[in-house]
């Protein structure tokens, strides 16, 4: 019995040490769903009764791949490639000039810092840049075919904050909430708002898988 207990204790200690020395996963993929928010934009020098272009709150989808490059006692440094797709951003304006909607896609490679990743709640922030791609509808808001240019690709800067929350019983899966701002050029909407850049705010939640 004594030999059995000694052997069991040695095996238990070995298992604990092996688990502690097991390298943490360096890769992750995440998927979230949320909304894109864009501030309404006024149109100067217009005779329309409504001089503001109103943007909807498009249902949007985000997918990200990230790889941890360095680990420190206070957190992790990773590179990430976030991809945000907003398939239907509705537009509303006083006259039948604007397309009824457009889609947007943002791909912005970034650097990300995660603070204290082993805690139950790990805050993070990232910054980077890439491209934004807009495709306007072929239909106008009320009636007729869109006569203007429809497709535009611009540069985009990305800044974001979020947090990953541990899910009990799931070692390599976490719940994520995030807010990202893609600061880009403006889409083709057939009216001149006087703006050359706009903020595309994405707020969403979903899951992160580490491997």
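Taking first residues from region 128-153 that are at negative phi and free of Cβ contacts under 8 Å to residues at least 12 places away in the same chain and partners that are part of a strand (DSSP E or B) and surrounded by fewer than 18 Cβ atoms within 10 Å (Cβ to Cβ), the Cβ contacts under 8 Å between residues at least 6 apart in sequence or on separate chains come to 145/139. On the basis of being within 28 Å of residue 23 (Cα to Cα) and touching a residue at least 60 places away in the same chain (Cβ under 8 Å), does residue 109 make the cut? Answer is no for this residue. Taking region 176-196 as the range and being within 20 Å of residue 35 (Cβ to Cβ), assigned to a strand (DSSP E or B) and more than 13 Å from the chain's Cα centre (by Cα) as the test, only 184 passes. Checking each residue in region 125-145 for being within 16 Å of residue 89 (Cα to Cα) and crowded, with 17+ Cβ neighbours inside 10 Å picks out 132, 133, 134, 135, 136, 137, 140, 141. Might you check whether a residue that is under 22 Å from the mean Cα position of the chain (by Cα), touching a residue at least 40 places away in the same chain (Cβ under 8 Å) and closer than 19 Å to residue 84 by Cβ occurs anywhere in region 165-175? Within region 165-175, not a single residue is under 22 Å from the mean Cα position of the chain (by Cα), touching a residue at least 40 places away in the same chain (Cβ under 8 Å) and closer than 19 Å to residue 84 by Cβ. Spot the failing condition for residue 130; the list is (1) modelled with pLDDT under 95; (2) under 22 Å from residue 195 (Cβ atoms), and only one is missed. For residue 130, the exception is condition (1).
This table checks each residue for (1) under 17 Å from residue 207 (Cβ atoms); (2) without any contact (Cβ under 8 Å) to a residue 12 or more places away in the chain; (3) part of a strand (DSSP E or B); (4) more than 18 Å from the chain's Cα centre (by Cα).
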| position | (1), (2), (3), (4) |
| --- | --- |
| 23 | no, yes, no, yes |
| 28 | yes, no, yes, no |
| 69 | no, yes, yes, yes |
| 84 | yes, no, yes, no |
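Residues in region 30-45 that are in a strand (DSSP E or B) and either touching a helix residue (DSSP H, G or I) at 6+ places or on another chain (Cβ under 9 Å) or surrounded by fewer than 16 Cβ atoms within 10 Å (Cβ to Cβ) (or both): 31, 33, 35, 42.
If you go through region 73-82 and keep only what is surrounded by fewer than 15 Cβ atoms within 10 Å (Cβ to Cβ) and at pLDDT 95 or above, you end up with just 77. When you check residue 48 against the structure, is it surrounded by fewer than 15 Cβ atoms within 10 Å (Cβ to Cβ), at pLDDT 95 or above and part of a loop (DSSP other than H, G, I, E, B), yes or no? The answer is no for residue 48. Confirm whether residue 167 is touching a strand residue (DSSP E or B) at 6+ places or on another chain (Cβ under 6 Å) and either loosely packed, with under 15 Cβ neighbours inside 10 Å or modelled with pLDDT under 95 (or both). Criteria met by residue 167.
The values are calculated or read from the model by the stated rules, or taken from the named source; none is laboratory data. Keep in mind that what you see is a predicted model, and the values were worked out from it rather than measured. Cβ coordinates were reconstructed from backbone atoms using ideal geometry, including for glycine residues, and neighbour counts include every protein chain displayed.
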